[in-house]
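Heads up: the structure comes next, in structure tokens.
The values are calculated or read from the model by the stated rules, or taken from the named source; none is laboratory data. Everything quoted here is computed from the prediction, not taken from an experiment. Cβ: placed from backbone, ideal geometry, glycine included. Neighbour counts: every protein chain shown. Heavy atoms of the whole protein, side chains included, go into the accessibility calculation; ligands, DNA and RNA do not. Shrake-Rupley method; radii C 1.70, N 1.55, O 1.52, S 1.80 Å.
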Amino acid sequence: MNLENLRKVDNEVAEQIDLELKRQQENIELIASENFTSLAVMEACGSVLTNKYAEGKPHKRYYNGCEHIDIIEEIAQKRACELFGMDHANVQPHSGAQANMAVFMATLKPGDRVLSMDLSNGGHLSHGSPVNFSGLYYDVAGYGINENGEIDYDNVREMAIKHKPKLIICGASNYSKIIDFKKFREIADEVGALLLADIAHIAGLVAAGIHPSPAPYCDFVTTTTHKSLRGPRGGIIMCKEEYAKDIDKAVFPGLQGGPLEHIIAGKAVALKEAMQPEFKEYAKQIVKNAKALAQGLLDEGLDIVGGMTENHLMTLDLRKTGKTGKDMANVLERVGITANKNTVPNDPQSPFVTSGIRLGTPAVTTRGFKEEDMRQVAKIIATAIFSSDNENVLADLRKDSLELCKKHPLYS
Ligand SMILES: *Cc1c(COP(=O)(O)O)cnc(C)c1O
């Protein structure tokens, strides 16, 4: 990467960027929420657009000199609507959590009821966790997953009838099955609730038509742009036309100040990339790779929550191995595989220790891993877990993972 000027001004930071690049190149990235965005996206994000204040909306700004910014932001909005089939898009949210916060602000008053997936079952902090604004200011009930790792829609319906939420949220950070948006719509209609689909994790799959779209069924769709969608770090809110004004007002002046127009440009570029035929192939390969990884792990005798995955991620259930998520995520790091510890349903361990590890394939698929590579990755993971005390074995596995990384170079 060209850091010519940075190196002269601040070598301390430049050096760490170099090292981070090397870390990304030489490790197998299985954190399900991460990806490697394109050089084109990074060029847009690193551009002069960072200099511009543009509070407000395209053509209705509080600052002058927005004629180019306006066009860029409109391009991003138009592409988001086209790609996801929604009426309106606000591309200004700085992150996925901010996007969700804006939907809460646009639709609810403090104390109003919300029904969402519980965090420990795979939901997201911003869907109503007690330590997040969403749980602090709203009355949240949480649904979970059953022993098959699936949402129990009858239970969601019962809870909706009992709690009478004003807003129902579907979408998760750790759910390995296809989400039935139509069923959620039926439940929402039965109790007169609004429906938000947070597709942060599956956005790339939805964009490519690999996962059913929430658009026909949901009032609001939020997403991050940096996960399977492979764009810059940020959020987008989409909604039906009737909620457009409320959403825009909630984002600004409700929650944010000046939008990050350099990141919005990066979002526009990523959305264009996601419309290309190659992206569809990419998204298909993400799922093929996830299935190959899951099958490999099952063949090695490991358990996966809910068994075979239907999307891009899965959670290894370590309970029968007697090992913890925390320890094994550290062991995997030592053999060159990056992943995060995660709770499993009814986890006997605390959320800081856990009995699970979440694994996802969007990032490795970007660098060109295919099914055969995933089977090797499964072997490395299983061997590392079963031989976690054997230094020689771990050292050999580190060599194997490095070989795989060299086979599929990144940013080179
Ligand atoms: C990652 C994620 C978010 C939050 O995104 P940030 O950009 O980290 O704020 C929100 N919802 C879901 C379902 C997510 O997976």
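Note on L3 and N51: their simple-model spin labels are 2.4 nm apart, each label 7 Å out from Cα toward Cβ. Across every pair of non-identical alpha carbons in the stretch 82-189, the mean reciprocal distance, once inverted, gives a Kirkwood radius of 14.5 Å.
A convex hull fitted around the alpha carbon atoms of the chain yields 139 Å³ per residue. Protection proxy ranking for 396-407, 380-391, using the average of other Cβ atoms within 10 Å per residue and placing the highest first: 380-391, 396-407. One decimal place: the segment S350-Y62 gains 98.9 nm when fully extended, by the rule 0.36 nm per residue minus the C-alpha distance. If r is the Cβ-Cβ distance from R334 to A40 and R0 is 41 Å, what FRET efficiency results, to the nearest 0.05? Computed FRET efficiency for R334 and A40: 0.75. Net charge around G128, counting only other residues with Cβ within less than 12 Å of its Cβ (Lys, Arg = +1; Asp, Glu = -1)? Counting the neighbours of G128, the net charge comes to -3. In a reduced charge model with +1 at each Lys and Arg Cβ and -1 at each Asp and Glu Cβ, the chain shows a dipole moment near 200 debye about its Cα centre. Between D10 and E371, what FRET efficiency comes out of the Förster formula 1/(1 + (r/R0)^6) with R0 = 35 Å and r the beta carbon distance, rounded to 0.05? Given R0 = 35 Å and the Cβ-Cβ separation, E is 0.25.
Here's the list of lysines a cross-link from K406 could span, going by alpha-carbon distance under 16 Å and ignoring same-chain residues fewer than 8 apart: K22, K370.
The length gained on full extension between N148 and S95, counted as 0.36 nm times the residue separation minus their Cα-Cα distance, comes to 15.9 nm. Separation of the alpha carbons by more than 28 angstrom is noted, of K341/K379; K78/K341; K182/K379, for K78/K341; K182/K379.
Per the Kirkwood formula applied to alpha carbons, the stretch 285-407 shows a radius of gyration over Rh ratio, Rg over Rh, of 0.94. Considering helices alone, the calculated mean residue ellipticity of the chain at 222 nm is -13500 deg cm²/dmol, with DSSP H runs of length four and up weighted by -39500 (n - 2.57) and normalised per residue. Backbone geometry of the stretch 152-169 corresponds, through the Karplus equation with coefficients 6.51, -1.76 and 1.60 at θ = phi - 60°, to 3J(HN,Hα) couplings of 8, 5, 5, 5, 4, 4, 4, 5, 5, 5, 6, 8, 6, x, 7, 9, 10, 10 Hz, x marking Gly and Pro. Against the empirical 2.2 N^0.38 Å (N residues), the stretch 42-274 has a Cα radius of gyration ratio of 0.98. Note on the stretch 42-274: with neighbouring protein chains present and a 1.4 Å probe, carbon and sulfur make up 51 percent of its accessible heavy-atom surface.
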